[in-house]
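Written out below as structure tokens is the structure these notes cover.
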There are 2 protein chains.
Amino acid sequence: MAQIKEITVSELDTKEFIARKQAEISKIVGKGIAINALSGGVDSSAVTMLGHGALGERLKTYFIDNGIMREGEPAQIVSIFKKLGVNVQIVEAQDEFFSALKGITDPEEKREAITQTFYKKVFGKLVKESQAKYLLQGTILTDIDETVAGIKRQHNVFEQLGINPQEAFGYKIIEPLVELRKDGVRKLAEALGLPRAIFNRMPFPGPALSARVIGEATRERIALVRKATAIVEEELASVKAFQYMAILHNDRVTGMRDNKREFGQQIEIRCWDSIDARQGQPTELPFNILKKLAGRIVEEVPGVVSVTYNIASKPPSTMEAI
Amino acid sequence: MAQIKEITVSELDTKEFIARKQAEISKIVGKGIAINALSGGVDSSAVTMLGHGALGERLKTYFIDNGIMREGEPAQIVSIFKKLGVNVQIVEAQDEFFSALKGITDPEEKREAITQTFYKKVFGKLVKESQAKYLLQGTILTDIDETVAGIKRQHNVFEQLGINPQEAFGYKIIEPLVELRKDGVRKLAEALGLPRAIFNRMPFPGPALSARVIGEATRERIALVRKATAIVEEELASVKAFQYMAILHNDRVTGMRDNKREFGQQIEIRCWDSIDARQGQPTELPFNILKKLAGRIVEEVPGVVSVTYNIASKPPSTMEAI
């Protein structure tokens, strides 16, 4: 595979790009069946629309419910695509992910457990069962900048899927977005008819809410941070910020409820001003908003007695906590 | 011992109180020797001045350097008293306290380790070696509100000091402040000639900086929170607030230095508006102050990549974190 030639956002002619990619996909897949996993992020959403345009019902799109999504997210994504005429099948896989996450506190191991569960246990199985030989993936240029491009990387994908390289001979991975970066994909997604909630979606990490829990990501702790996340997203919806989030800490802090000491939990809120995620500043939220956020969180999220707001800049901070 | 009759701050006639208490102390101690431990808090400072006025050099005052005080605190306290003609002896006991704190992460166990080390290992030994039979203590009415007053409590003090109740027959504990509450002691301390830094001193917990470290209070971690505390106290010195503090978390968060990921530390800042410590609100510090604080802390405190500001109210939060 040759060096990939970037198409910048200003160079991108979405109409031409869509027609060309759909023709490519049609040509490769022919009368066959293709499969893809939709996360609701802009990349996998754009790929789903491109693939559906090319293959119609011969593209099987799955949404893996890993149990670490935000409140109502699986249903919301499915409903958005249904309105666009795309049938997405939800795959219930919460147990698989929570067993894989059990006892893990190290952030890297957590990420690895989620990746392995996704590829080997859940999606790999779907691929094999579906008998589809074509996989559509939302890889973008930024994803492969630091990895080895071409055959070698695709070998890795097969390995991740638990598919033997010998068997893999029959499989083909299609990555229609590899020439684009995030801003190009957003422009493409809009042109593909996806709603603003998708094409302008706030960055959200691959390991989802498990990246918003310091320490072990149990079902209970994910439920707490999910609730706090919903409050933060609701209260800050009208704030112009690059990204905002709630993080559940592992450290316990003292609180007081009904005149009794309670060794409770703490939620940290982060809200970033940023152009390109390389540098970031805490958004100067008015104190009445900060106090309202804190008040709602200690009232509505069980066991939380303390709330903080991050005031450091990136660098040396990063946007996400783990 | 009969029920203690409170003297409210408005009832307190400091001149009369000082004369009466000094006469009482003189009468009890006679030609003997008394001993007391000075922490630099307003209670023990007032007792030191009262006792010194009554007994002069026959009161031996010790400042126990437990290694968990703030930057420059031991020297500063000794110098304040030197200016007032009172000779305070610093007792170097850092090793004793840090060995006692080793491996302890539970807040209650931490507190207990400090209390036991103070009484049994350090001050108890000083009492016995000094051959003083009279102990001056800065107990105030609030301290005994929830404990059993009188003989029984004094027995506890002897037990804490590791002094056998039989031996204790010869010992006497003198508590000149038991009729007062904190506001009364502040008024008294001012009348005794103590400087504003003492009589108006911001509340500071008994377990000192070990209460500002979540998790194990090692020498290294105390050094980090000491540095952050100095920055917070310097930057907020002119802010009208009830209390402010820096807290070192145990949770690690991701940061980035010299383009490398760094699993770093987080400091939480709290600054409280409050009348009487029963309820509290986060002080609405301007963002330029918050950003300056965060900037200095990530730059000057090694390994810290993230800083938060507490935005919850008391209750359900408490003022201190542990």
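The values are calculated or read from the model by the stated rules, or taken from the named source; none is laboratory data. Given the structure is predicted, the values throughout are model-derived calculations rather than measurements. Backbone-built Cβ (ideal geometry, glycine too); neighbour counts: all protein chains shown. Side chains are part of the model used for accessible areas, which takes the heavy atoms of the whole protein and leaves out ligands, DNA and RNA. Shrake-Rupley method; radii C 1.70, N 1.55, O 1.52, S 1.80 Å.
Restricting to the stretch A:96-130, count the residues that are in contact (Cβ under 8 Å) with a residue 60 or more places away in the chain, of a type in the set (D, E, K, R) and assigned to a helix (DSSP H, G or I).
Result for the stretch A:96-130: 2.
This table checks each residue for (1) touching a Gly at 6+ places or on another chain (Cβ under 9 Å); (2) more than 15 Å from B:V298 (Cβ to Cβ).
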{"residue": "B:R212", "(1), (2)": "no, yes"}
{"residue": "B:T229", "(1), (2)": "no, yes"}
{"residue": "B:V232", "(1), (2)": "no, no"}
{"residue": "B:S238", "(1), (2)": "no, yes"}
{"residue": "B:Y244", "(1), (2)": "no, yes"}
{"residue": "B:L248", "(1), (2)": "yes, no"}
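Of the residues B:K121, B:K152, only one is open to solvent by 60 Å² or more (accessible area, probe 1.4 Å) and either modelled with pLDDT of 95 or more or over 21 Å from B:D65 (Cα atoms) (or both); which?
After applying the criteria, what remains is B:K152.
Please work out if B:L285 is in a loop (DSSP other than H, G, I, E, B), at the interface with chain A (Cβ under 10 Å from one of its Cβ atoms) and of a type outside the set (F, W, Y).
When the stated conditions are applied, B:L285 passes them.
Quickly run through the stretch A:299-317 and pick out the residues that are open to solvent by less than 10 Å² (accessible area, probe 1.4 Å) and either part of a strand (DSSP E or B) or facing chain B (nearest Cβ under 7 Å) (or both).
A:V304, A:V305, A:S306, A:V307, A:T308, A:Y309, A:N310, A:I311, A:A312, A:S317
Quick one: in the stretch B:70-95, which of the residues that are part of a helix (DSSP H, G or I) and of a type in the set (D, E) is surrounded by the fewest Cβ atoms within 10 Å (Cβ to Cβ)?
It comes out as B:D95.
Among residues belonging to the stretch A:36-59 that are farther than 12 Å from A:F199 by Cα and not in a helix (DSSP H, G or I), point out the one that is nearest to the chain's Cα centre (by Cα).
The qualifying residue nearest to the chain's Cα centre (by Cα) is A:S39.
Identify, please: which residue in the stretch A:263-277 is among the aliphatic types (A, V, I, L, M) and under 30 Å from A:D183 (Cα atoms) and is, among those, surrounded by the fewest Cβ atoms within 10 Å (Cβ to Cβ)?
A:I275
Do we find a residue being surrounded by 13 or more Cβ atoms within 10 Å (Cβ to Cβ), assigned to a helix (DSSP H, G or I) and modelled with pLDDT of 95 or more anywhere in the stretch A:2-11?
no
Just to be sure I understand, how many residues within the stretch B:12-35 are under 12 Å from B:K60 (Cβ atoms) and not in a helix (DSSP H, G or I)?
The qualifying residues number 4.
Go through (1) surrounded by 24 or more Cβ atoms within 10 Å (Cβ to Cβ); (2) assigned to a helix (DSSP H, G or I) one by one and return the number of the condition A:A217 breaks.
(2)
Just wondering, is there one or more residues in the stretch B:57-68 that are over 20 Å from B:I173 (Cβ atoms), hydrophobic (A, V, I, L, M, F, W, C) and touching a residue at least 24 places away in the same chain (Cβ under 8 Å)?
yes
So if I check each of A:K292, A:K260, which one is open to solvent by 30 Å² or more (accessible area, probe 1.4 Å), more than 9 Å from chain B (Cβ to nearest Cβ) and modelled with pLDDT of 95 or more?
Only one candidate passes the filter, namely A:K292.
Would you mind telling me which numbered condition in (1) more than 25 Å from the chain's Cα centre (by Cα); (2) over 28 Å from A:R257 (Cα atoms) A:A294 fails?
(2)
Among the residues of the stretch B:230-252, is any open to solvent by 30 Å² or more (accessible area, probe 1.4 Å) and within 10 Å of another protein chain (Cβ to nearest Cβ)?
Looking through the stretch B:230-252, at least one residue is open to solvent by 30 Å² or more (accessible area, probe 1.4 Å) and within 10 Å of another protein chain (Cβ to nearest Cβ).
If B:G67 passes every condition in (1) surrounded by fewer than 13 Cβ atoms within 10 Å (Cβ to Cβ); (2) at positive phi but one, which one does it miss?
Exception for B:G67: condition (1).
Tally up the residues in the stretch B:96-110 that are within 14 Å of another protein chain (Cβ to nearest Cβ) and open to solvent by less than 50 Å² (accessible area, probe 1.4 Å), please.
Of the residues in that region, 2 qualify.
State yes or no: is A:D43 in contact with a Gly (Cβ under 7 Å, 6 or more places away or on another chain), among the acidic types (D, E) and under 29 Å from A:A208 (Cβ atoms)?
So A:D43 passes the test.
Which pairs do you get when a residue that is more than 23 Å from A:F287 (Cβ to Cβ), found in the stretch B:282-303, comes within reach of a residue that is aromatic (F, W, Y) and loosely packed, with under 15 Cβ neighbours inside 10 Å, reach meaning Cβ atoms under 8 angstrom, with the pair 6+ apart or on two chains?
Final answer for the pair search is none.
Would you check which residues across the stretch B:213-258 are farther than 24 Å from B:L285 by Cα and without any contact (Cβ under 8 Å) to a residue 40 or more places away in the chain and list them?
Within the stretch B:213-258, B:E220, B:R221, B:A223, B:D251, B:R252, B:D258 qualify.
Which condition breaks for B:G184 when tested against (1) open to solvent by 30 Å² or more (accessible area, probe 1.4 Å); (2) within 28 Å of B:K83 (Cα to Cα)?
The one condition B:G184 does not meet is (1).
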